[in-house]
Amino acid sequence: MADDQQVYRQRGWWRDQTFLDDLRAHARRNPAKPAVVCTGGRGTRVLDYAELAKLTDRCAGALLELGVRPGDMIAIHLTNRWELAPLFLGCMRAGVQVCTLLPDYRRQNIQTVLGLARPRVLITMAEIDGFPLGELSVELAQSVPELEHVVQAAAPGSGDERGFEQLFFGTVWEEKYAADLDGCELGPDDPYILFFTSGTTGEPKGAVHTLNTLYAAIRGEAGVFGLGEEVVMATFTINTHYTGLVQGMLMPLMLGGTMAYLDAPESAMALDLFARAGVTTLYVAPWFLRNLLDEQRARPRSLTTLRWVICGSSPVSPHLIEEVREEFGLRLFSLWGMTENGPVTITRPADPPDWAAHSDGSPISDMELRIDPLPGRDDGEGVLWVRGPTQCLGYYKRDELYASFLDADGYFNTGDLVRPDGRGGIRITGRAEETIFRHAISVPIRQLETTIERHPKVHRAAVIGLPAGRGEDEMVCAVVVPMDDPPSLNELREHVRDAGVMEIHWPERLELVDELPVTLTGKIRKVELKKRYARPR
């Protein structure tokens, strides 16, 4: 590992500086430049670089006031809000590790995370969507002796927030603790954050990242598109998730640009923000991109600054590429990554214009890929293994589990099935644990889903394997969100037949739904679909 670190530094993927050094440099050079633009139910709040630097120190001082010291852990369970930017940076300044919880976490997930991370402080919401999250958090804190403080903020627009605001932003802690903060802040290789995996296939695992593993991912992605201080970045995902924090907040901070985000993923407000803040770069999941396209068709905005649209979390379909071209006048790029390693592959400006429909891109940031072929496949499909400077340090307090994903050469088993794209990149075809075998041959799930989505009566589709009977292969089931006129099973079978799909891969069952269950980052919860349709009709 030491040799790898030296190589990463020599090649510039790791560095001796941190995001706090970036913040201070930009605050000196461009103190009045907007660093944060957050809008939504609480109005619009803009922080320039000078104010962000000041509030970063203030949040760090507030943590010291709570008794938190360098090396301690705090947990953050908040929806998107402007306060997250100085809060995350304040943790770096105070030398504190952060554990993030996604807003849809409830008792079981919260219990798992708190029991594993054992934080000193939990910053949470009094309520979320009517659910008494604060009360639950106080209850669960009783079983974590290390947890000394539960700080509650009101939901956006729902009432008094003086407690949270006064503690972290209403007192000039930066003056009281100026001397104490010297020497506290995290170094580039210190463990900084625990991002818990989305849990689409099992219990969440806490991936531990340093500032340098995050920096390598940011530098790699920014380099692909030539991003600089002109960037105004929007992600429209949860900022306590890897994508929201790293791509949406730390990337523009590092470059000296602007982070623009909503306190709720509402497509009308999103497009208004694009136009008002001059958003240049958008990372978005396909499901939310579709909402943006519908909204833009209904009420067009002038989006002259928008230059890059990048899609992740699920496959890009050909008609989505065409819609982006028609509505935004731009090409669509695809990205693949994981909580464990962030963005790993991206399609490039030099690729063919529609390449995102055929590929998830080629590696960034010195990341190395290996495909272990599946038996019975002649197209090179296999399990994807990766290694490189964006890879996390491991799973928090679960060393043996993390080690089980590594081979002798340090490659990490992603659990994703891929095939080569013919241009040095990959196309994700499914998850290994979701593999459907028909006559000892694996079904190309992602390819089949993309083919089904080309049917004019299909809006979105997921393919799952269901029990078919004793001694038989799994049944291929298509779960479809239809257009106005829903397709029949026979229509889908004829459609995939005409597309050249092998007969043993044709769907044998069709389920129509109003919407597919997804994680906060847009990944389809196939475990939920399998449970829902496991019983034969």
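The values are calculated or read from the model by the stated rules, or taken from the named source; none is laboratory data. Since we're looking at a predicted model, the values are computed, not measured. Neighbour counts run over all protein chains shown; Cβ positions are idealised from the backbone, glycine included.
Structure notes:
- Within the range 267-283, at least one residue is without any contact (Cβ under 8 Å) to a residue 40 or more places away in the chain, surrounded by fewer than 21 Cβ atoms within 10 Å (Cβ to Cβ), within 20 Å of the chain's Cα centre (by Cα) and in the same structural domain as Gly41 (by TED's automatic domain parsing).
- Residue under evaluation Glu453, criteria (1) at pLDDT below 80; (2) surrounded by fewer than 22 Cβ atoms within 10 Å (Cβ to Cβ), criterion not met: (1)
- Condition met for Arg497 (of a type in the set (D, E, K, R), in contact with a Pro (Cβ under 8 Å, 6 or more places away or on another chain), more than 17 Å from Glu434 (Cβ to Cβ) and in the same structural domain as Leu516 (by TED's automatic domain parsing)): no
- If the condition is being farther than 13 Å from Thr213 by Cα, β-branched (Val, Ile, Thr) and surrounded by fewer than 22 Cβ atoms within 10 Å (Cβ to Cβ), then the range 334-375 contributes only Ile371.
- The range 78-114, residues that are small (Gly, Ala, Ser) and assigned to a helix (DSSP H, G or I): Ala85, Gly90, Ala94
- The residue list Glu65, Glu83, Glu51 contains one member that is more than 19 Å from Asn239 (Cβ to Cβ) and assigned by TED's automatic domain parsing to the domain that holds Ala179, which is Glu65.
- Residues in the range 179-197 that are surrounded by fewer than 16 Cβ atoms within 10 Å (Cβ to Cβ), touching a residue at least 60 places away in the same chain (Cβ under 8 Å) and under 19 Å from Leu66 (Cα atoms): 1 in all.
- Applying a threshold of 8 Å to beta carbon distances and a minimum spacing of six or more residues, or different chains, the list of pairs starting in the range 466-478 at a residue that is in a loop (DSSP other than H, G, I, E, B) and ending at one that is modelled with pLDDT under 90 and among the small types (Gly, Ala, Ser) reads Pro467/Ala534; Glu474/Gly465; Glu474/Ala468.
- Among the numbered conditions (1) modelled with pLDDT of 95 or more; (2) touching a Gly at 6+ places or on another chain (Cβ under 9 Å); (3) assigned to a helix (DSSP H, G or I), the only one that Glu51 does not meet is (2).
- Residues of the range 116-139 satisfying the condition of being in contact with a Cys (Cβ under 8 Å, 6 or more places away or on another chain) and of a type outside the set (A, V, I, L, M): Pro119
- Contact annotation: residue pairs with Cβ atoms under 9 Å, 6 or more positions apart or on different chains, pairing a residue in the range 126-140 that is more than 19 Å from Asn80 (Cα to Cα) with a partner that is of a type in the set (D, E, K, R) and crowded, with 16+ Cβ neighbours inside 10 Å, are Glu135/Glu127.
- Condition met for Thr414 (in the same structural domain as Val208 (by TED's automatic domain parsing), in contact with a helix residue (DSSP H, G or I) (Cβ under 9 Å, 6 or more places away or on another chain) and outside any loop (DSSP other than H, G, I, E, B)): yes
- Any helices (runs of 4 or more DSSP H) falling wholly within the range 144-224 and containing at least 2 residues that are at pLDDT 90 or above and of a type in the set (Gly, Ala, Ser): 178-181
- Some residue of the range 25-48 being part of a helix (DSSP H, G or I), among the charged types (D, E, K, R), assigned by TED's automatic domain parsing to the domain that holds Thr240 and surrounded by fewer than 23 Cβ atoms within 10 Å (Cβ to Cβ): yes
- Filter result (among the small types (Gly, Ala, Ser) and surrounded by 18 or more Cβ atoms within 10 Å (Cβ to Cβ)) within the range 284-331: Ala285, Gly312, Ser313, Ser314, Ser317
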